[in-house]
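> The following block contains the structure, expressed as structure tokens.
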């Protein structure tokens, strides 16, 4: 009998209130969504520290941190690895962004954002832009073996910055974006 593989639901769509975040970023520091109220937040869910595609993806986001800062956004990486693994990975790769551990309870944050791969025990390669009010403005899931780059996130942040400056909150997912 063939075993069915449970894939995650579609990621949470734009306009959805972002689920609460309560995840360690070090052995003695936790991350919460409230820390970022009033500014855009980029969540970079990635399957695993040390994997080649994840290393390239996070290195790219790290390289673009000045551009994210120019747009007023903070960037947080999220995977199901533990905080000690994150610390070693960040040190080795020279990463200057927070890495949130979704290790215990395993995948709780990834599940809340609908990007946990139950059969693999890791999160999808997914990107979320959360607006200053705590709503998802943009989301995208990339195939596990593909680095999605940062263009979609930067485009979303540019739109978000323009949207909030004109007081017209909202957004679209990459799949729903107008031409």
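> Count, please, the residues in region 149-179 that happen to be buried (at least 20 other Cβ atoms within 10 Å of the Cβ) and modelled with pLDDT of 95 or more.
5
> Same structure again: Does region 2-13 contain any residue that is crowded, with 20+ Cβ neighbours inside 10 Å, at negative phi and modelled with pLDDT of 95 or more?
Within region 2-13, not a single residue is crowded, with 20+ Cβ neighbours inside 10 Å, at negative phi and modelled with pLDDT of 95 or more.
> If a residue has to be farther than 20 Å from residue 137 by Cβ, in contact with a strand residue (DSSP E or B) (Cβ under 9 Å, 6 or more places away or on another chain) and either without any contact (Cβ under 8 Å) to a residue 12 or more places away in the chain or not in a loop (DSSP other than H, G, I, E, B) (or both) to count, how many in region 58-83 make the cut?
Counting residues in region 58-83 that are farther than 20 Å from residue 137 by Cβ, in contact with a strand residue (DSSP E or B) (Cβ under 9 Å, 6 or more places away or on another chain) and either without any contact (Cβ under 8 Å) to a residue 12 or more places away in the chain or not in a loop (DSSP other than H, G, I, E, B) (or both) gives 4.
> Could we say that residue 132 is in contact with a helix residue (DSSP H, G or I) (Cβ under 9 Å, 6 or more places away or on another chain), farther than 19 Å from residue 57 by Cβ and surrounded by 15 or more Cβ atoms within 10 Å (Cβ to Cβ) here?
When the stated conditions are applied, residue 132 passes them.
> Next up: Output the residues belonging to region 28-40 that are more than 20 Å from residue 107 (Cβ to Cβ) and exposed (fewer than 13 other Cβ atoms within 10 Å of the Cβ). Don't jump to the end; show me each part of the working.
Within region 28-40, the subset more than 20 Å from residue 107 (Cβ to Cβ) is 28-29, 34-40.
Matches in region 28-40: 28, 29, 34, 37, 38.
> Here is a check on your reading of the model: is residue 115 under 21 Å from residue 41 (Cα atoms), crowded, with 23+ Cβ neighbours inside 10 Å, modelled with pLDDT of 95 or more and in contact with a helix residue (DSSP H, G or I) (Cβ under 6 Å, 6 or more places away or on another chain)?
no
> Continuing with this model, one more query. Within region 26-40, which residues are within 14 Å of the chain's Cα centre (by Cα) and not in a loop (DSSP other than H, G, I, E, B)? Let's see the steps before the verdict.
Here is the first cut: in region 26-40, the residues within 14 Å of the chain's Cα centre (by Cα) are 31-33, 36, 40.
Once the filter is applied, which keeps residues that are within 14 Å of the chain's Cα centre (by Cα) and not in a loop (DSSP other than H, G, I, E, B), region 26-40 yields 31, 32, 33, 36.
> Next question, about the same structure. Within region 100-110, does at least one residue satisfy the condition of being more than 20 Å from residue 30 (Cα to Cα), touching a helix residue (DSSP H, G or I) at 6+ places or on another chain (Cβ under 8 Å), buried (at least 23 other Cβ atoms within 10 Å of the Cβ) and modelled with pLDDT of 95 or more? Steps first, answer last, please.
Kept after step one, since they are more than 20 Å from residue 30 (Cα to Cα), are these residues of region 100-110: none.
For region 100-110, residues more than 20 Å from residue 30 (Cα to Cα), touching a helix residue (DSSP H, G or I) at 6+ places or on another chain (Cβ under 8 Å), buried (at least 23 other Cβ atoms within 10 Å of the Cβ) and modelled with pLDDT of 95 or more: absent.
> Further question on the same structure: Kindly establish whether residue 50 is free of Cβ contacts under 8 Å to residues at least 60 places away in the same chain, in contact with a helix residue (DSSP H, G or I) (Cβ under 8 Å, 6 or more places away or on another chain) and either at positive phi or surrounded by 24 or more Cβ atoms within 10 Å (Cβ to Cβ) (or both).
When the stated conditions are applied, residue 50 passes them.
> Do the conditions hold for residue 43, that is, is it part of a loop (DSSP other than H, G, I, E, B) and within 17 Å of residue 138 (Cβ to Cβ)?
No: the conditions fail for residue 43.
> Only one of (1) touching a residue at least 40 places away in the same chain (Cβ under 8 Å); (2) more than 16 Å from residue 130 (Cβ to Cβ); (3) touching a strand residue (DSSP E or B) at 6+ places or on another chain (Cβ under 7 Å); (4) assigned to a helix (DSSP H, G or I) fails for residue 90. Which number is that?
Residue 90 satisfies every listed condition except (1).
The values are calculated or read from the model by the stated rules, or taken from the named source; none is laboratory data. Treat the numbers as computed from the prediction; the structure is a model and nothing was measured. A quick note on method: Cβ atoms are made from the backbone with ideal geometry, for glycine too, and the neighbour counts reach across all protein chains shown.
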